[in-house]
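Here, each number is a calculation from the coordinates, and none is a lab measurement. Everything numeric in this text was worked out from a predicted model, so none of it was measured. Ideal geometry is used to build each Cβ from the backbone, glycine not excepted, and the neighbour counts take in all protein chains shown.
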Amino acid sequence: MARALVVYESVFGDARTIALAIAAGMGTRLPVDVVEARDAPAQVSPDVRMLVVGGPNHAFGMAKEATREGAVRDYGADIPDIDLGLHEWLDTVHLPPVMNAAAYDTRMDHPKLVTRFDHAARTEEKLLRGLGATLAAPAEHFFVVDAKGPLADGEEDRARRWGRALGELVAARPANGRA
């Protein structure tokens, strides 16, 4: 049976909340597993028809060891292992030959000039394409009100709607078709 997998990295919980909302939306059309990047499988099962990945913007890009360490030191983040996150998982994971994928990030919506340089989701997309995945939809950006959150009003509902749209897209494709 076809299913979806959502892999996320979260520092203060907002990217996790978005991952769960996306999964709830996709779950209206197909079974969905949600897993934190450090616990994600090294080999994605061939029955996964849609892979969604996401995490926070850190220092204008995907979180990495140094930015995770800074989040712990400067903001009191609870990160069990600063060496492992979404970028490291995407660097090592093996995908089936045909994989639909989508990416998201969490970011502040101000100051406007700085948000133009936030590249977490763009890097996620680049890594997914490098793994041979077909991007089923453009990256989505979900907003937080401050570096430590919380999510801006309406973002969890918007993530649920985006997940539903991704689920409908996958359900409409043949089992061996690309998005």
Exercise. Which helices count as membrane-span-like in the chain under these terms: full DSSP H, at least 20 Å along the axis by C-alpha, Kyte-Doolittle mean of -1.0 or more?
Worked result: 155-172
Exercise. To the nearest 0.05, how large is the calculated FRET efficiency for ALA147 and GLU69 if R₀ is 22 Å and r is the Cβ-Cβ distance?
Worked result: 0.90
Problem set entry | Over the chain: helical MRE at 222 nm, DSSP H runs n ≥ 4 each giving -39500 (n - 2.57), nearest 500 | -10500 deg cm²/dmol
Exercise. Principal axis lengths of the chain from Cα atoms, whole Å, largest first?
Worked result: 47, 33, 26
For this session: Go ahead and run the numbers for FRET between ASP157 and ASP33, Cβ-Cβ distance against an R0 of 30 Å, rounding to 0.05.
Result: 0.85
Problem set entry | DSSP-defined antiparallel bridges as percent of all bridges, the chain, nearest 5 | 10 percent
Exercise. ARG158: net charge of surrounding residues, Cβ under 15 Å, Lys/Arg +1, Asp/Glu -1, itself excluded?
Worked result: -4
Seminar exercise, completed: Net charge (Lys, Arg +1; Asp, Glu -1) of residues whose beta-carbon lies under 12 Å from that of ALA24, ALA24 excluded, is +2
Exercise. Which of TRP162, ASN57, LEU86 sits closest to the plus end of the dipole of the stretch 54-176, meaning its Cα is farthest towards the positive end, when Lys and Arg get +1 and Asp and Glu get -1 on the C-beta?
Worked result: TRP162
Problem set entry | Taking N as its residue count, the alpha carbon Rg of the stretch 37-95 over 2.2 N^0.38 Å | 1.25
Seminar exercise, completed: If every Lys and Arg gets +1 and every Asp and Glu gets -1 at its Cβ, then about the Cα centre the chain yields a dipole, in debye to the nearest 20, of 760 debye
Exercise. Which one of PRO150, ALA42, ASN100 has its Cα pushed farthest toward the positive end of the charge dipole of the chain, where Lys and Arg give +1 and Asp and Glu give -1 at the Cβ?
Worked result: ASN100
